[in-house]
Amino acid sequence: MPSTIKRDFLTLRDLSPAELASLLVRARELKEGLRSAKAGARSAAAPLAGQSLAMIFRKSSTRTRVSFEVGMAQLGGHAVFLSDSTSQLGRGESVADTARVLSGYVDGVMIRTFEQAEVEGLAEHARVPVINGLTDLVHPCQLLADLQTMTEEFGDDLSDCPVAWIGDGNNMANSWLNAAALAGFELRLACPKGYDPDPAILAWAESRTRITVTRDPSEAARDARVVTTDVWASMGQEDEAAARAAAFEGYCVDETMMESARDEAIFLHCLPAHRGEEVTAGVIDGRWSRVFEEAENRLHAQKALLLFLLGDG
């Protein structure tokens, strides 16, 4: 039976280290179960049968929408798509009123939006679990998939798994900081001056694990087990693209940078990617890349999260 205590997932820090580790194990089990079912084995039960997830998109999406919608279907539930053009949010209805209304219809709400405060406001007024599908501050669901990909490569213990983040100190960098603190691995962030991660999140992570901020991407990548990056101009930053391209000169993840990492190193990217900007085609399409396994793992990690929040814990 679902828990009577409402749990939200607004950042990775809403999970304890033990809960995070357990969720990653379950994600791998769900992945294996789905592959067995597709191979002809008996399908698992539908643990979320009769349950619905409202999906609010104030930012466009491919991976977030498809993975949550398909995940709910595979678990026996149903997902409802809402956007500004298909809901009253686009006509000025308050987040508080939206939260109260949706709580009477659905069993959970996932929102992908701009401001973290909007997600927090939704969670404050909703009677059902709220999931952060992305904000400008953090992208916790993506990190669940990234961490799952890492455990598939390197095992459950990630303490000897230094990660190099190359690029903007954006929502992904902030989420990597939270992940490093919870999972106990070293994180090195190479960011140009003026593009550092959120100072409060940085300070919190520094108090819990080894964090380095540098202006030298090569220094960050040296002897890393994971090298990862993101586009230089995210949604809503298109008018900054030229200035950012100049600021990020020298921050492209290329073959030379990957060769300086450990022999078993992998490359991750949350996608979409701009080949020739933040990463070369030779890296993202080459032997180091796990970006498409990482993208697939959005489905499995989020199914584990849905079961944790809406199912049997």
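Whether any residue in the range 184-191 is more than 26 Å from THR256 (Cβ to Cβ), surrounded by 20 or more Cβ atoms within 10 Å (Cβ to Cβ), of a type outside the set (A, V, I, L, M) and within 19 Å of the chain's Cα centre (by Cα) is what I want to check.
First, the residues of the range 184-191 that are more than 26 Å from THR256 (Cβ to Cβ): 184.
After this cut, where a residue has to be surrounded by 20 or more Cβ atoms within 10 Å (Cβ to Cβ) as well, the list is none.
Looking for residues that are more than 26 Å from THR256 (Cβ to Cβ), surrounded by 20 or more Cβ atoms within 10 Å (Cβ to Cβ), of a type outside the set (A, V, I, L, M) and within 19 Å of the chain's Cα centre (by Cα), one finds none in the range 184-191, hence no.
Out of curiosity, is ARG210 within 28 Å of ALA18 (Cα to Cα) and exposed (fewer than 15 other Cβ atoms within 10 Å of the Cβ)?
It is true that ARG210 is within 28 Å of ALA18 (Cα to Cα) and exposed (fewer than 15 other Cβ atoms within 10 Å of the Cβ).
Checking GLU152 against (1) under 14 Å from ARG298 (Cα atoms); (2) of a type in the set (D, E, K, R); (3) surrounded by 21 or more Cβ atoms within 10 Å (Cβ to Cβ): exactly one of these is not met. Which one?
With (1) under 14 Å from ARG298 (Cα atoms); (2) of a type in the set (D, E, K, R); (3) surrounded by 21 or more Cβ atoms within 10 Å (Cβ to Cβ) applied to GLU152, the lone miss is (3).
Within the bounds of the range 210-219, is there any residue that is closer than 23 Å to VAL291 by Cα and part of a loop (DSSP other than H, G, I, E, B)?
Taking every residue of the range 210-219 in turn, none turns out to be closer than 23 Å to VAL291 by Cα and part of a loop (DSSP other than H, G, I, E, B).
I need the full set of residues from the range 238-278 which are in contact with a Phe, Trp or Tyr (Cβ under 6 Å, 6 or more places away or on another chain), of a type outside the set (D, E, K, R) and more than 25 Å from ARG298 (Cβ to Cβ), in order please.
PHE248
When the residues of the range 62-85 are filtered to those that are of a type in the set (Ser, Thr, Tyr) and touching a strand residue (DSSP E or B) at 6+ places or on another chain (Cβ under 9 Å), which remaining residue is surrounded by the most Cβ atoms within 10 Å (Cβ to Cβ)?
Top of the filtered list is THR64.
Can you name every one of the helices (runs of 4 or more DSSP H) wholly within the range 235-298 that holds 3 or more residues which are at pLDDT 95 or above, within 25 Å of ASP160 (Cβ to Cβ) and outside the structural domain of LEU34 (by TED's automatic domain parsing)?
So the answer is 255-259.
Under 6 Å by Cβ, and 6 or more places apart or on different chains, what pairs join a residue from the range 65-82 that is over 16 Å from LEU144 (Cβ atoms) and assigned by TED's automatic domain parsing to the domain that holds ALA37 with one that is at pLDDT below 95 and among the small types (Gly, Ala, Ser)?
From the range 65-82, the pairs are GLY76/ALA46.
Within the range 234-280, can you find the residues that are of a type in the set (Ser, Thr, Tyr) and free of Cβ contacts under 8 Å to residues at least 60 places away in the same chain?
Passing the criteria: THR256, SER260, THR280.
Being of a type in the set (A, V, I, L, M) and either more than 8 Å from ALA99 (Cβ to Cβ) or in contact with a Leu (Cβ under 6 Å, 6 or more places away or on another chain) (or both) is the filter here; which residues of the range 124-142 pass it?
Passing the criteria: VAL128, VAL130, ILE131, LEU134, LEU137, VAL138.
Could you please find all residues in the range 59-109 being assigned to a loop (DSSP other than H, G, I, E, B) and among the aromatic types (Phe, Trp, Tyr)?
Keep residues of the range 59-109 that are assigned to a loop (DSSP other than H, G, I, E, B), which gives 59-62, 75-77, 87, 92-94, 104-107.
The answer is TYR105, and nothing else.
Need the failing condition index for THR113 against (1) in contact with a Leu (Cβ under 9 Å, 6 or more places away or on another chain); (2) surrounded by 23 or more Cβ atoms within 10 Å (Cβ to Cβ), just the number.
Checking THR113 against (1) in contact with a Leu (Cβ under 9 Å, 6 or more places away or on another chain); (2) surrounded by 23 or more Cβ atoms within 10 Å (Cβ to Cβ), the one that fails is (2).
Considering only residues of the range 271-288 that are charged (D, E, K, R) and closer than 25 Å to SER60 by Cβ, which is nearest to the chain's Cα centre (by Cα)?
Just the residues of the range 271-288 that are charged (D, E, K, R), to begin with: 275, 277-278, 285, 287.
Adding the requirement that they be closer than 25 Å to SER60 by Cβ leaves 275, 277-278, 285.
Values: ARG275: 21, GLU277: 22, GLU278: 19, ASP285: 21 Å.
The residue in question is GLU278.
Name the single residue that is surrounded by the fewest Cβ atoms within 10 Å (Cβ to Cβ) among those in the range 123-140 being in contact with a Gly (Cβ under 8 Å, 6 or more places away or on another chain) and under 28 Å from ASP168 (Cα atoms).
Of everything passing the filter in the range 123-140, ASP136 is surrounded by the fewest Cβ atoms within 10 Å (Cβ to Cβ).
Checking ILE56 against (1) in a helix (DSSP H, G or I); (2) farther than 14 Å from LEU307 by Cα: exactly one of these is not met. Which one?
(1)
State the number of residues belonging to the range 137-175 that are more than 21 Å from TYR251 (Cα to Cα) and assigned to a loop (DSSP other than H, G, I, E, B).
Residues that pass the stated criteria total 10.
Select from the range 213-230 the residues that are under 16 Å from ASP168 (Cα atoms) and crowded, with 23+ Cβ neighbours inside 10 Å and list them in ascending order.
Those that are under 16 Å from ASP168 (Cα atoms) and crowded, with 23+ Cβ neighbours inside 10 Å: PRO217, ALA220, ALA221, VAL227, THR228, THR229, ASP230.
Could you check the range 60-81 and list, in sequence order, the residues that are modelled with pLDDT under 95 and in contact with a Gly (Cβ under 8 Å, 6 or more places away or on another chain)?
SER61, the sole residue that qualifies.
How about the range 115-136: which of its residues are in a helix (DSSP H, G or I) and either outside the structural domain of THR64 (by TED's automatic domain parsing) or over 16 Å from the mean Cα position of the chain (by Cα) (or both)?
Of everything in the range 115-136, those that are in a helix (DSSP H, G or I) and either outside the structural domain of THR64 (by TED's automatic domain parsing) or over 16 Å from the mean Cα position of the chain (by Cα) (or both) turn out to be ALA117, GLU118, GLU120, GLY121, LEU122, ALA123, GLU124, HIS125.
The values are calculated or read from the model by the stated rules, or taken from the named source; none is laboratory data. Worth saying up front: this structure is predicted, and the values here are computed from it rather than measured. All Cβ positions, glycine included, derive from the backbone under ideal geometry; neighbour counts span all protein chains shown.
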